[in-house]
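Chemist: Before anything else, here's the structure in question.
The values are calculated or read from the model by the stated rules, or taken from the named source; none is laboratory data. Note that this is a predicted model, so its numbers are computed, not measured. Backbone-built Cβ (ideal geometry, glycine too); neighbour counts: all protein chains shown.
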Amino acid sequence: MRAFRRERGMLVAELNADERAAVAAVVADVAQLLGAGRLEDRGATGRPGDDDMPGGLPTAEHLAGLSLRIDDIQAPDDAAVRRLLPDASRHEPAVSAEFRRLTEDDLRQVKTARLTALWDALTTRPADGWPAGALVVRPDAGADLAATITDLRLVLADRLGLDDDEASEALYADLERGLPDDDGGDDGDDGAQPDQPADVRRYLGSIYAALSWLQESLIDVLLDELDRPR
């Protein structure tokens, strides 16, 4: 994996085939959590073309015209989905319910559209002469990609039991020294989810760490873009 950089007027990172497959699998899982179905089951007509979504991420025009729900929406049961679609207020259920009714459908569609575009970018060969491993994003779509990576990290953090800085630091320490191989459950003392095998925790933790690093490099490039003279 290579960090984001500016090249030929675009924001470009590089992921090898295994990295692309691992991240794409997480993207598909998060999209399914949001009700999109399995992205890999879509037909060819379901893929946005390069002219429709330049850079592989949707523009504001593609997110317009979203519907308004009239009936109430219940808060999601899955803790990971609650991180993606949080309550507006922890202390005022009526306010949260009304806010969810007004915004949740649109928010799901926005997040799903962005996840779908990222999945397509990860699973199709880039055009215009870019190498096969390149993840190419227009500068004006960089903030949307950063937000999408945040959604991926939120779900992974929930699955890994990362509820605070201490748990995150413990995960990174485990990854640095190598999580022990075992075929039993984790007792949860280090922040891991109960009964989560070490190999699963290592796999999810490695993806979480890689996405965190990739997102940081993207944000660095975006901040550099802001400093460029106009």
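Chemist: Which one is farthest from the chain's Cα centre (by Cα) among residues in region 7-22 that are surrounded by 15 or more Cβ atoms within 10 Å (Cβ to Cβ) and not aliphatic (A, V, I, L, M)? Break it down stepwise before answering.
Modeler: Just the residues of region 7-22 that are surrounded by 15 or more Cβ atoms within 10 Å (Cβ to Cβ), to begin with: 10-15, 19-20, 22.
In the following step, the residues that additionally are not aliphatic (A, V, I, L, M) were identified as 14, 19-20.
Working: Glu14: 17, Glu19: 14, Arg20: 13 Å.
So the residue we want is Glu14.
Chemist: Please go through region 176-219 and give me each residue that is of a type outside the set (A, V, I, L, M, F, W, C), at pLDDT 90 or above and out of contact with any helix residue (DSSP H, G or I) (no Cβ under 9 Å at 6 or more places or on another chain), ordered by number.
Modeler: Glu216, Ser217
Chemist: Take the residues of region 109-165 that are basic (Lys, Arg) and either buried (at least 19 other Cβ atoms within 10 Å of the Cβ) or at pLDDT 90 or above (or both): which is farthest from Arg38 (Cα to Cα)? Reasoning before the result, please.
Modeler: Taking region 109-165 as the starting set, the residues that turn out to be basic (Lys, Arg) are 111, 114, 125, 138, 153, 159.
Those still in the list that are either buried (at least 19 other Cβ atoms within 10 Å of the Cβ) or at pLDDT 90 or above (or both) too: 111, 114, 138, 153, 159.
Numbers: Lys111: 15, Arg114: 15, Arg138: 26, Arg153: 19, Arg159: 19 Å.
Across region 109-165, the extreme among qualifying residues is Arg138.
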